[in-house]
1. Kindly provide the set of residues from the range 88-125 that are farther than 22 Å from residue 69 by Cα and of a type in the set (Asp, Glu), ordered by number.
2. Do any helices (runs of 4 or more DSSP H) entirely within the range 111-214 hold 1 or more residues that are more than 13 Å from the chain's Cα centre (by Cα) and basic (Lys, Arg), and if so, which?
3. Would you check if there is a residue in the range 150-157 being more than 18 Å from residue 197 (Cα to Cα) and either of a type in the set (S, T, N, Q) or surrounded by fewer than 18 Cβ atoms within 10 Å (Cβ to Cβ) (or both)?
4. Looking at (1) within 14 Å of the chain's Cα centre (by Cα); (2) surrounded by 21 or more Cβ atoms within 10 Å (Cβ to Cβ); (3) not acidic (Asp, Glu), can you tell me which one residue 99 breaks?
5. Pairs needed: first member in the range 96-119, in contact (Cβ under 8 Å) with a residue 40 or more places away in the chain and under 10 Å from residue 76 (Cα atoms); second member anywhere, basic (Lys, Arg) and assigned to a helix (DSSP H, G or I); C-beta distance under 7 Å; at least 6 residues apart or different chains.
6. Could you give me the residue pairs with C-beta distances under 8 Å whose first residue belongs to the range 63-92 and is at positive phi, whose second residue is of a type in the set (Phe, Trp, Tyr) and not in a helix (DSSP H, G or I) wherever it lies, and which are 6+ apart or on separate chains?
7. Give, as residue ranges, the helices (runs of 4 or more DSSP H) completely inside the range 1-87 that count at least 2 residues that are modelled with pLDDT of 55 or more and either surrounded by 13 or more Cβ atoms within 10 Å (Cβ to Cβ) or among the hydroxyl-bearing types (Ser, Thr, Tyr) (or both).
8. Can you give me the number of residues within the range 82-103 that are closer than 26 Å to residue 145 by Cα, out of contact with any Phe, Trp or Tyr (no Cβ under 9 Å at 6 or more places or on another chain) and not basic (Lys, Arg)?
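The values are calculated or read from the model by the stated rules, or taken from the named source; none is laboratory data. Here the structure is a predicted model, which is why all the values come from computation and not from measurement. So basically every Cβ, Gly included, is an ideal-geometry build from the backbone, and we count neighbours across all protein chains shown.
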Amino acid sequence: MSLKMVRSGLWASLVAALALSTLASVASAQAAAGDAVRGAKLAYTCYGCHGIPDYRNTYPTYHVPKIFGQRADYIVAALGEYKSGTRKHGRNGTMNAQAGSLSDKDIVDMAAFFAGATPLKSDGPTGNPPAIVATCAACHGADGVAIAGTGAPNLAGQHADYLVNSLHGYQKGTRQNAIMQGFAGQLKEEDVQAAAKWFAAQSPGLWAQKANGAKY
């Protein structure tokens with residue numbers, strides 16, 4: 001697929017992009033006020049999945065995402081979507097139930113904890129990216145460190161199979177986002193695999209962490 005075709009699809013989503021940008025600004029402002037110390041105490045329930053090495057979602061099967069080092073504004077937005085039900089999690093809705101038990105302040109504080117005191121810093125891409133990454137870079141950065149203010153998540157170091165599952169979700173409509181659905185809908189499977197492999201290999205990137213603080 002040509003980049004011209006992909007960019008054409010993104011242009012059709014411009015109005016939605018502006019709306020999402022506004023929402024991202026709101027989430028960013030909320031995240032900035034988070035109490036990471038309080039968030040660390042609340043995050044103990046997250047380690048049951050996100051703190052176990054090689055832990056995988058059951059159906060469909062993929063690694064649960066790495067969330068340490070993720071942008072706080074994205075975590076606020078994602079948990080808000082799980083809480084409202086606009087974003088679904090598998091057949092049993094584990095994340096929907098989990099987020100539904102949290103207050104808005106809980107979400108903001110947990111996001112501050114997972115983001116960490118020092119945000120990921122872009123050191124530039126490692127290697128030669130596949131052509132499709134040129135379009136992803138506008139929001140996610142060429143090396144997977146997201147551009148501030150876009151509301152996009154960091155992708156660097158994320159599990160490749162999780163990224164593949166996410167893109168498939170946008171293609172199928174099981175995951176909602178006007179920009180990403182327009183973009184992913186035009187991708188061939190080879191593009192999906194290439195982008196996921198590229199971002200997963202980038203460093204510095206996201207990491208997983210056990211309840212005792214050990215990174216892996």
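1. Correct list: empty.
2. 160-172, 189-200
3. yes
4. So residue 99 meets the others, but not (1).
5. 109/38
6. Matching pairs, first to second residue: 69/207; 90/59.
7. 14-32, 36-42, 47-50, 72-84
8. 2
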